[in-house]
Amino acid sequence: MRKILITNDDGIEADGIVRLAEVAKEYGEVWVIAPEHQRSAASHCITLRAPVSVREYDFPVEGVRAYACGGTPADCVRVGSLSVMPYKPDVVLSGINYGFNVATDVQYSATVGAAFEAAFQGYRAIALSEDMRDRHGITDAYIRRLLDEYIDVELGRERIININFPCGDPEDCRGIMRGVKTSGGSFFHDRYKLLEEKEDGTKIYMVDGIYNEDAEDGTDFKAVVDHYISVGIVKNIK
């Protein structure tokens, strides 16, 4: 039986991780080790100069062992697979993230960062994300089909599978685009808005992105903009 570790960056109470664990039970023994709180955009950050807390958590999916971790998503993979679980996982599933992880957002994503850590530790790794709009029909209709296809794929220590689902009902999906490249673009052209200037000259800024859907053909970004499920392989180092 597969040993499956599930984590995320939205926190252990997030809807996406509960839905993923419900499905993952069909594929093996599931352990959930996820952050206590929201840790989006933490990338592949790990904790080195502070202790990392882990406590058992009353997870709402029967038969799943779950722990809330005080560290980052990458910490969850490390402490979970190296200390909490009595054996190494065969595969790590990271998600289902609230919001796409495509294009340049991949480098900031802690959903992807956790999957990279899993690959670095020698486990198969899949990152799963979906549109922020709360219509999960496409995800729920297609996720088993994609896990059937990819859960046992061996990619080595530097690569992960990155899957992104558009929102909507199953009939809204235009299909699955496999083998997409990671776009060099972004949903937002970032800028910073000045919020306050203090008497001592300190300036307070807040990120203020301009929404964009100008995506290159053949990329993960273009796939989700055009309402396809995006499946690609993302490299970490090398």
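For the reader, a short list of remarks on this structure follows.
- Note on the stretch 31-106: antiparallel DSSP beta bridges, both residues inside, total approximately 40 percent of the bridges counted.
- Of all lysines in the structure, those lying under 29 Å Cα to Cα from residue 181, and not within fewer than 8 positions of it along the same chain, are 222, 235, 238.
- Relative intensity, log₁₀ I(q)/I(0), of the stretch 85-124 from a Debye sum that treats every alpha carbon as a point, q = 0.14, 0.29 Å⁻¹: -0.34, -1.00
- Cα pair distances of the stretch 188-234 binned at 10 Å [whole percent]: 22, 29, 22, 16, 10, 1
- Counting only GluC sites (Glu not before Pro) that DSSP places in a loop and that have at most 11 other Cβ atoms within 10 Å, the longest clean stretch of the chain runs over 63-153.
- Kirkwood Rh, angstrom, the stretch 63-197 [1 / mean 1/r, Cα pairs]: 16.3 Å
- Normalised by residue count, the stretch 1-72 yields a Cα convex hull volume of 92 Å³ per residue.
- Radius of gyration over Kirkwood radius for the stretch 58-114, both on Cα atoms: the Rg/Rh ratio is 1.00.
- Nearby lysines by direct alpha-carbon distance to residue 25 (threshold 24 angstrom, same-chain neighbours under 8 apart not counted): 3, 88
- With neighbours defined as other Cβ atoms within 10 Å of a residue's Cβ, the residues 183, 43, 109 order from fewest to most as 43, 183, 109.
- The value of relative contact order for the chain, using C-alpha pairs under 8 Å at least six residues apart, is 18 percent.
- Stokes-Einstein translational diffusion, the chain - Kirkwood Rh over all Cα pairs, 0.692 mPa s, 37 °C, in µm²/s: 181 µm²/s
- Using the rule -39500 (n - 2.57) for each DSSP H run of four or more residues, divided by the residues of the chain, the 222 nm mean residue ellipticity is -6000 deg cm²/dmol.
- Taking Lys and Arg as +1 and Asp and Glu as -1, the other residues whose beta-carbon sits under 12 Å from that of residue 181 total 0.
Laboratory data are not the source of any read-out in this text; all were calculated from the coordinates shown. Just so we're clear, the structure is a prediction, and the values are computed from it rather than from any experiment. Virtual Cβ from ideal backbone geometry, glycine too; neighbours counted across all protein chains shown.
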